[in-house]
Amino acid sequence: MSLTATVSEVQKTKLQNGLTIVSEKIPTYRSVAIGVWIKAGSRYESHLQKGLAHFIEHMVFKGTKSRTALEIASLLEKYGGQLNAFTGKEETCFYLHTIDSHLDEGVEILADMVCNPSFTENDIKLERQVVLEEISAVYDAPEEYIFDLFQEKIFADQPMGYPILGDRESVKKFNRNSVKEFWKEYYQPSNIILSVTGNVDHNTLTDMAEKYFVFDSETSIKSCEKASPLERNFFVLNRPVAQTHICMGNKSASYYDENRYDFMAISTYLGEGLSSRLFQVLREKYGYAYSVYSFLDFYMDTGVLGFYIGTDPSNKNKAMEVLFAEFEKFRARMPEQEVINMIKDQLIGRFLLSLESTYKRMVRLAKNEMYFGKYIDSEAVIHSIEKISAQSVFNAAQTFFDRDKFTTVVITPGKN
């Protein structure tokens, strides 16, 4: 298994208009993964703009000044390419995966979508209904909806806690003016990264970007509000559901914290995979849950490590007791070196396997640029993982596994 490309194969250019281009050439591949990253997600929204970043992600696919929605979808799919997008707390990304001979078409289509969306009133009206249906679908799926509630409670009364989809009240009020205002503010070349991995020539890519990424004007870009996780919050929602859904967690580390790898180790050991401690105890030993896992999110100024359990209502209290007992065990004593070695092997193996995907490499390339302004090679990542020690993990556990600081959300059967 090969490592990631060397630094010499990764190149970066900043155009005169401010657009940043990063590429990683992998000549043995016949494909390219192309991503256009806008440094704006749901945490950049005001209270009245809840869901607007995600709504614009939808609207960009509805057509441009020169293409219909069907033409956008069809042009690359006829060559076997795949076009998609996602919105996060801190970014919006439009990406495609196609064969290397269609790099020019791919860059041109993404540039057209990002720079020249039509934003017609009729499309906004239609897509508003689509997003409302999407919100309803999440609300009807408690195993998904609980994560929106958890974010809302751990980041109460601030943009970091807003649901990425928005809420029904805010989405119903979106119009052409509000959409164009947000788009003009954040869809600016100095706020955009073009990230490409695969069989790509950087100079050719730069020429394409200069040709296709043309913006009418640029305005100042607002920064987002600083995140402030709560010390503790407990929330129970009664709904007509069959299972009890539990989501709990605490703040961890940001992208810039050196100890973020220690939180990756904690998450891996406790809740990632069939061999994880919580899966083995809660599901295999006691049968209290079918689904149990951890999740870990890093942001520019904070992070969250959390845990999810879906259990029968009769086992709710037992499951939570076992969960907290495992937390206390992890906090009470330093992990054995054998456990630390196993965790590090898992993290390194997972990282190396991710390098087999042009898409994951494209995401990594973009995030390195977005948060660090430079490329971080595989040797540096592996070195950081190797530095994990029993003492560093134990230290991270001391601050994290404090029950008085945990935010817990429960969706359980009953009348509201």
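Each value in this text was obtained by applying a stated rule to the coordinates, not by laboratory testing. All figures in this text were calculated on a predicted structure; none of them were measured in a lab. All Cβ positions, glycine included, derive from the backbone under ideal geometry; neighbour counts span all protein chains shown.
For the chain, what is the calculated [θ] at 222 nm in deg cm²/dmol (nearest 500), taking -39500 (n - 2.57) for each run of four or more DSSP H residues and dividing by its residue count?
-13000 deg cm²/dmol
Over all alpha-carbon pairs in the chain, figure out the percentage whose distance exceeds 35 Å.
Of all Cα-Cα distances in the chain, 34 percent exceed 35 Å.
Which FRET efficiency, nearest 0.05, do Ala242 and Ser66 yield, Cβ-Cβ r, R0 45 Å?
0.35
State which stretch of the chain is the longest one without any exposed chymotrypsin sites (Phe, Trp or Tyr not before Pro), exposure meaning a DSSP loop state and at most 15 other Cβ atoms within 10 Å.
80-255
Using label points projected 7 Å from each Cα along Cα→Cβ, tell me how many nm separate Glu336 and Phe295, to one decimal.
If labels sit at Glu336 and Phe295, their model points lie 3.3 nm apart.
So which aspartates and glutamates pass the test for Lys360, namely a Cα distance under 13 Å, with those fewer than 8 places away in the same chain ruled out?
Reachable aspartates and glutamates: Glu24.
Over its Cα atoms, what ratio of radius of gyration to 2.2 N^0.38 Å does region 233-413 give?
1.09
Between the DSSP loop rule and a limit of at most 15 other Cβ atoms within 10 Å, which trypsin sites (Lys or Arg not before Pro) in region 284-369 are left?
Arg333
Please list, ordered by chain and number, the residues whose modelled amide H lies under 5 Å from the amide H of Ser291; skip anything fewer than 5 residues away on the same chain.
Gly310
If you average the sequence gap of Cα pairs under 8 Å that are 6 or more apart and divide by the length of the chain, what percent do you get for the contact order?
Answer for the chain is 23 percent.
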